[in-house]
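Asker: Structure in structure tokens, see below.
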Amino acid sequence: MDIKNFKYGEVGLNRFFGSLEAKIMEILWDAEELSIKEVQIRLEKEKQINFNTVMTVMNRLVEKGILQKRSKGRLSLFCPTASKESFIEEQSKRLTENLLDEFGGVIINHMIDAIKEVDQTLLDKLESKLQQLKKDKPS
């Protein structure tokens, strides 16, 4: 699944999705499989939303490969193609690879600076990972 637009100014899933898409994905990750009507009902706990709007967004998420759809009689059921953790892992890996391809060493320096400012355990994990990479690298 390829997310085309990463939004730096947003937070959480809104970096990858529109706000309604993100809400729908959260609902489906929590429930695993739901109909459009069931998603609409859960969304309406927050505010009124049109069934056709929910249907359109969910079908677009199917087209993007983020949701899958199956029929159960006349009912269409939707579920995520990957867990939330797998989705975030895949998207963050792609983002990192794209940044490294485009900006190389500059991005590595910025990542290390950000890790130092955030958490010592992240820096320890990085150091451990680098040591393992050095061990595994053929001479």
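The values are calculated or read from the model by the stated rules, or taken from the named source; none is laboratory data. Computed from a prediction, not measured in an experiment: that's the story for all the values here. Here Cβ is always computed from backbone atoms with ideal geometry, including for glycine, and neighbour counts include all displayed protein chains.
Asker: Name the residues in segment 57-90 that are assigned by TED's automatic domain parsing to the domain that holds Q40, part of a helix (DSSP H, G or I) and β-branched (V, I, T), would you?
Answerer: Scanning segment 57-90 gives V57, V62.
Asker: Here is a further query. Looking at F78, is it of a type in the set (F, W, Y) and touching a residue at least 40 places away in the same chain (Cβ under 8 Å)?
Answerer: Numbers: of a type in the set (F, W, Y): yes; touching a residue at least 40 places away in the same chain (Cβ under 8 Å): yes.
Here the answer is yes, as F78 does meet what is asked.
Every residue, every condition in (1) under 21 Å from F6 (Cβ atoms); (2) at pLDDT below 80, yes or no:
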residue: L100; (1), (2): yes, no
residue: G104; (1), (2): yes, no
residue: I108; (1), (2): yes, no
residue: A114; (1), (2): yes, yes
residue: E117; (1), (2): no, yes
residue: T121; (1), (2): no, no
residue: L126; (1), (2): no, no
residue: Q131; (1), (2): no, no
residue: K135; (1), (2): no, no
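Asker: Let me ask another. Within the group L20, L34, L28, which residue is touching a residue at least 12 places away in the same chain (Cβ under 8 Å) and farther than 20 Å from I88 by Cβ?
Answerer: Exactly one of L20, L34, L28 is touching a residue at least 12 places away in the same chain (Cβ under 8 Å) and farther than 20 Å from I88 by Cβ, namely L34.
Asker: Shifting gears a bit: Could you please let me know if I112 is β-branched (V, I, T), over 30 Å from I24 (Cα atoms) and either part of a helix (DSSP H, G or I) or within 24 Å of the chain's Cα centre (by Cα) (or both)?
Answerer: Numbers: β-branched (V, I, T): yes; over 30 Å from I24 (Cα atoms): yes; either part of a helix (DSSP H, G or I) or within 24 Å of the chain's Cα centre (by Cα) (or both): yes.
For I112, the condition - β-branched (V, I, T), over 30 Å from I24 (Cα atoms) and either part of a helix (DSSP H, G or I) or within 24 Å of the chain's Cα centre (by Cα) (or both) - is met.
Asker: Only one of these is touching a Leu at 6+ places or on another chain (Cβ under 7 Å), over 18 Å from N14 (Cα atoms), assigned to a helix (DSSP H, G or I) and not hydroxyl-bearing (S, T, Y): I41, I49, I107. Name it. Give the derivation first.
Answerer: On the way: I41 fails: touching a Leu at 6+ places or on another chain (Cβ under 7 Å); I49 fails: assigned to a helix (DSSP H, G or I).
One residue alone meets the criteria, I107.
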